Amino acid sequence: MAYHYFIKGILRFNEEKVKEKFVGLMRRVTDEDIDVVCNDLRDDETASYCISVRQQSTTGVCVRCLWNGIIVVELPWLSSQVDVYLCYALLNAVKKTHRAAHIINKEEKGVKLNGEAMERQWLQNCVNMAELLYRDERTVIAGLNRSWFVNPLRYAGTDNMDDKVRKAFDDFAKVQWTLSDARILMEEQRHVSDDEELSNVRVSDNNGDVFIGECRYVGMMNGNDCKMVQFGDFCTLMSGEEEFVLLDDAQACLCKMDEDKWLRL
């Protein structure tokens, strides 16, 4: 689910000028790098890309340029506060560069681009997160770089909902950016025991930093031997090790360990 903004009335888009104004607005709130990643094009698009802020974005903002001249800006429902600012900075940059541009929402109503409107959008995203936590059921949310496995019970000890929401957004961003360049352990299907059918397995040989996605077992290579450990038991085994980071209930990151330490585990 996303909030959509439609930009109409631009005959010739001045990309360089928009970029200059956009970066200037963003530098008021963050010094982190701004990433732009191109998406695969659909049949009706001339360009498509996602803009995000390193360490702070949860979903980023998607920009789609259509063949009919309309530009669509998509802000996902659980985008972070900096993503919301990013979206409004882009819309303001376009409006300042192209005064004749019309920016409307899905209901074809004009969009206000002031600070109050931006704050209302961020508060709506906070409401979305609160409702997600109120459901009291595990959910998987698509993020910018990785999915986020949400377990509301992790936030049960905090009485204040504002604190729960703030912590949840922080956790969502953490999943996206912790060791974001780490190698992804590929998913395999292996027969681990006689009591189970084929199981979802990810195997690590301690040969660099890795991201461990959802799986039932983590395989720990030692020469030609592979010790299979259930994911929960693997997290317990790694608890307290400085190289290990548990991202959520189903995913983790592991930095390369000292070889002797790895072999002792």
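On the basis of being assigned to a helix (DSSP H, G or I) and either modelled with pLDDT under 95 or among the hydrophobic types (A, V, I, L, M, F, W, C) (or both), does residue 25 make the cut?
Criteria met by residue 25.
Against the condition surrounded by fewer than 14 Cβ atoms within 10 Å (Cβ to Cβ), within 17 Å of the chain's Cα centre (by Cα) and of a type in the set (Asp, Glu), how does residue 181 come out, does it pass? Please lay out each step first, then the result.
Values: surrounded by fewer than 14 Cβ atoms within 10 Å (Cβ to Cβ): yes; within 17 Å of the chain's Cα centre (by Cα): yes; of a type in the set (Asp, Glu): yes.
Taking the combined requirement at face value, the residue satisfies it.
Does the stretch 215-222 include one or more residues that are closer than 26 Å to residue 173 by Cβ and over 22 Å from the mean Cα position of the chain (by Cα)?
For the stretch 215-222, residues closer than 26 Å to residue 173 by Cβ and over 22 Å from the mean Cα position of the chain (by Cα): present.
Any residue at all in the stretch 120-141 that is out of contact with any strand residue (DSSP E or B) (no Cβ under 6 Å at 6 or more places or on another chain), surrounded by 13 or more Cβ atoms within 10 Å (Cβ to Cβ), under 20 Å from residue 11 (Cα atoms) and of a type outside the set (Asp, Glu)?
Within the stretch 120-141, not a single residue is out of contact with any strand residue (DSSP E or B) (no Cβ under 6 Å at 6 or more places or on another chain), surrounded by 13 or more Cβ atoms within 10 Å (Cβ to Cβ), under 20 Å from residue 11 (Cα atoms) and of a type outside the set (Asp, Glu).
Within the stretch 214-230, is there a residue that is of a type in the set (Ser, Thr, Tyr) and open to solvent by less than 70 Å² (accessible area, probe 1.4 Å)? Write out each step before concluding.
Step one: filter the stretch 214-230 for residues of a type in the set (Ser, Thr, Tyr), giving 217.
From the residues that got through so far, the ones that are open to solvent by less than 70 Å² (accessible area, probe 1.4 Å) too are 217.
Yes, because at least one residue in the stretch 214-230 is of a type in the set (Ser, Thr, Tyr) and open to solvent by less than 70 Å² (accessible area, probe 1.4 Å).
Any residue at all in the stretch 146-154 that is open to solvent by 50 Å² or more (accessible area, probe 1.4 Å), more than 20 Å from residue 23 (Cα to Cα) and of a type in the set (Ser, Thr, Tyr)?
Of the stretch 146-154, the ones open to solvent by 50 Å² or more (accessible area, probe 1.4 Å) are 153-154.
Within this subset, residues satisfying the condition of being more than 20 Å from residue 23 (Cα to Cα) are 153-154.
With the extra rule that they be of a type in the set (Ser, Thr, Tyr), the set shrinks to none.
No: zero hits.
Residue by residue through the stretch 110-140, note down the ones that are touching a helix residue (DSSP H, G or I) at 6+ places or on another chain (Cβ under 7 Å) and either closer than 17 Å to residue 212 by Cα or among the polar types (S, T, N, Q) (or both).
121, 125, 139
Inside the stretch 126-245, counting only strands (runs of 3 or more DSSP E) that do not spill past its ends, which hold 3 or more residues that are within 22 Å of residue 257 (Cβ to Cβ) and in contact (Cβ under 8 Å) with a residue 24 or more places away in the chain? Give the steps one after another, and end with the answer.
Details: elements: 139-141, 148-150, 187-190, 199-204, 210-212, 217-222, 225-230.
Those strands (runs of 3 or more DSSP E) span 210-212, 217-222.
For the stretch 81-103, what are the residues that are surrounded by 18 or more Cβ atoms within 10 Å (Cβ to Cβ) and either acidic (Asp, Glu) or part of a strand (DSSP E or B) (or both)?
Hits for the stretch 81-103 are 83, 103.
Going through 75, 66 one at a time, which residue ends up being within 20 Å of residue 104 (Cα to Cα) and either crowded, with 21+ Cβ neighbours inside 10 Å or touching a Lys or Arg at 6+ places or on another chain (Cβ under 6 Å) (or both)?
Working: 66 fails: either crowded, with 21+ Cβ neighbours inside 10 Å or touching a Lys or Arg at 6+ places or on another chain (Cβ under 6 Å) (or both).
Selected residue: 75, the only one of 75, 66 that is within 20 Å of residue 104 (Cα to Cα) and either crowded, with 21+ Cβ neighbours inside 10 Å or touching a Lys or Arg at 6+ places or on another chain (Cβ under 6 Å) (or both).
For residue 54, are the conditions met, namely being over 23 Å from residue 140 (Cβ atoms) and either at pLDDT 95 or above or surrounded by 23 or more Cβ atoms within 10 Å (Cβ to Cβ) (or both)?
Details: over 23 Å from residue 140 (Cβ atoms): yes; either at pLDDT 95 or above or surrounded by 23 or more Cβ atoms within 10 Å (Cβ to Cβ) (or both): yes.
Yes.
What number goes with the only condition from (1) among the hydrophobic types (A, V, I, L, M, F, W, C); (2) free of Cβ contacts under 8 Å to residues at least 40 places away in the same chain; (3) farther than 21 Å from residue 53 by Cβ that residue 101 does not pass?
With (1) among the hydrophobic types (A, V, I, L, M, F, W, C); (2) free of Cβ contacts under 8 Å to residues at least 40 places away in the same chain; (3) farther than 21 Å from residue 53 by Cβ applied to residue 101, the lone miss is (2).
Take residue 199 and tell me if it is open to solvent by less than 80 Å² (accessible area, probe 1.4 Å), closer than 27 Å to residue 139 by Cα and among the polar types (S, T, N, Q). I'd like the intermediate steps shown before the answer.
Working: open to solvent by less than 80 Å² (accessible area, probe 1.4 Å): yes; closer than 27 Å to residue 139 by Cα: yes; among the polar types (S, T, N, Q): yes.
Yes: the conditions hold for residue 199.
The values are calculated or read from the model by the stated rules, or taken from the named source; none is laboratory data. Remember, predicted model here, so these are calculated numbers, not experimental data. All Cβ positions, even for glycine, are placed from backbone atoms using ideal geometry, and neighbour counts span all protein chains on display. Areas reflect the complete protein model, heavy atoms only, side chains present, ligands, DNA and RNA absent. Shrake-Rupley method; radii C 1.70, N 1.55, O 1.52, S 1.80 Å.
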